[in-house]
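Visitor: Encoded as structure tokens, here's the structure I'll be asking about.
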Amino acid sequence: MTEAPVAAEQSGQMTHREVLEALSGLLLAMFVAMLSSTVVTNALPRIVTDLDGSQTGYSWVVVATLLTMTATTPVWGKLADLFSKKLLVQSALVIYSAGSLIAGLAPSMEVLIGARAIQGLGVGGLTALVQVVIASMVSPRERGRYSGYIGATFALATVSGPLIGGLIVDTPGLGWRWCFFLGLPVAALAFVVLQKTLHLPVRRREVHVDYLGATLLVAGVSILLVWVSLAGTSFAWGSATSALLVALGLVVVGAAIYVEARVAVEPVVPLRLFRDRTTALATVASVLVGLAMFGSTVYLSQYFQLSRGMTPTMAGLMSVAMVGGLLVSSIVSGRLITRTGRWKRFLLGGMVLVIAGLSLLARIDDTTSLWYVGAGMAVLGLGLGAVMQNLVLSVQNNVAQADLGAASSLVAFFRSMGGSIGVAALGAVLTHQVADGVTAALSRLGIPAGAHRNGTIPDVSSLDEPFRSIFEHAFGEATGHLFLVAVPFAVLALVCVLFIEEVPLRTTILRADEIGPEADPDAAVGRRKG
């Protein structure tokens, strides 16, 4: 086996204009991938109500995409070493489009969740391959000049997605199904543009894709996700079913770890990378940040619509506070880090802001001032903007060039996995908090509350008093409790960051020990190591 092709070798084959032309198709693909998550955010409460879904179903509409996206990201990256990158990106677009079409026509929550899983397969390919293709077009030294376009695409999808989704849901004659149909013409345009503008050499090498390890890892985590999502509603936490799911999940995860350590020639998750302290701590911090960020913020739209009586459009406008803070923080911290070469202070400051933002939002309920909620979201966004990409940067700066892709995907993989677990786990917490709050309030009024124990999310706007106020108050208090639950995980992430050793950013592609002939050849290829 040979080393992966060096991006710098290909940078001279494309002019700046050719790169921009190809980049236009890639950015359209990236926009579609990001839009799939953001555009549906404010439509979810309406979707779940229309399809007679439950709080568990609400969680799994998000978790299904996160899980399949996370699972397939490293596999797509491996396939890029074997086949045409353009063909793979186009295949991911087709898979995404098929999932979107099924989701838009879904007659039930079960079909919708399945369709979102198919969407996740395509999104996983798009998010992984766009970065690989850009690295194949330009050298690392030149990559910065195009980062502004990527940042602008991220900003556009993140800010416009919730607003577009809210407008679609509120517009007569359209409805939530068009949130899924919206991405189809954009995906088709991206497919055509890539076919016309993207021309890369196909370089093949012998690669052993770790299907067994990937399957076991995803299966084990999926079993645990099913447990945290359904325990307490479909079966008791202390029941035999609960114990069986936990035991089975841990056994399968253990088998995955064994395969990755002893069997796989090129493991999806190379365990040898954890020998580096920075990689190990940054990975743990990424899991905790993903859990706190995805797990708590994904339910904010539900809070604004069900507890505060907002339309989907207004709920989308409220998201601007957090997204604005995130964008400002990421741009400013990135420029300062480039200028100084120091990054740990921004990680520490960002984690402090994340803890502060979560703590502020932990105090919200159905009567909290929207200015206060917006301020808390802005502080949280400022913190996340300084943390997420800089965790990846700390790892990339510390590993060998041959391990760059594996190490980068490792951090992203575990952050997404933490997000999947967080959405499911905190969704279960929200379900129980709302059910308990409603039951207690109805009991004080002498009204039987057993009908709500099935976890169904009501159409709050159609309820009469005092039921409407009871549900609004229950959702408001439960949402604040989610942020309170997320705080300890953010504190643990801060502890991990404290112990990361700061190494000044290097100005060369290779580390000093890679430049000479004494470089360790094991760095180039994953081998069997325990």
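The values are calculated or read from the model by the stated rules, or taken from the named source; none is laboratory data. Note that this is a predicted model, so its numbers are computed, not measured. No Cβ is skipped: glycine too gets one built from the backbone with ideal geometry, and neighbour counts run over all protein chains shown. These area figures cover heavy atoms from the full protein model, side chains too; ligands, DNA and RNA do not enter into them. Shrake-Rupley method; radii C 1.70, N 1.55, O 1.52, S 1.80 Å.
Visitor: Order 413, 467 by their accessible area, 1.4 angstrom probe, all chains in place, largest first. Present the calculation step by step, with values, prior to reporting the outcome.
Guide: Numbers: 413 15, 467 75 Å².
Order by accessible area, largest first: 467, 413.
Visitor: So for each of 193-200, 342-349, 30-37 I average, over its residues, the number of other beta carbons within 10 Å; can you give me the resulting order with the highest mean first?
Guide: Sorting 193-200, 342-349, 30-37 by mean packing, highest first, produces 30-37, 342-349, 193-200.
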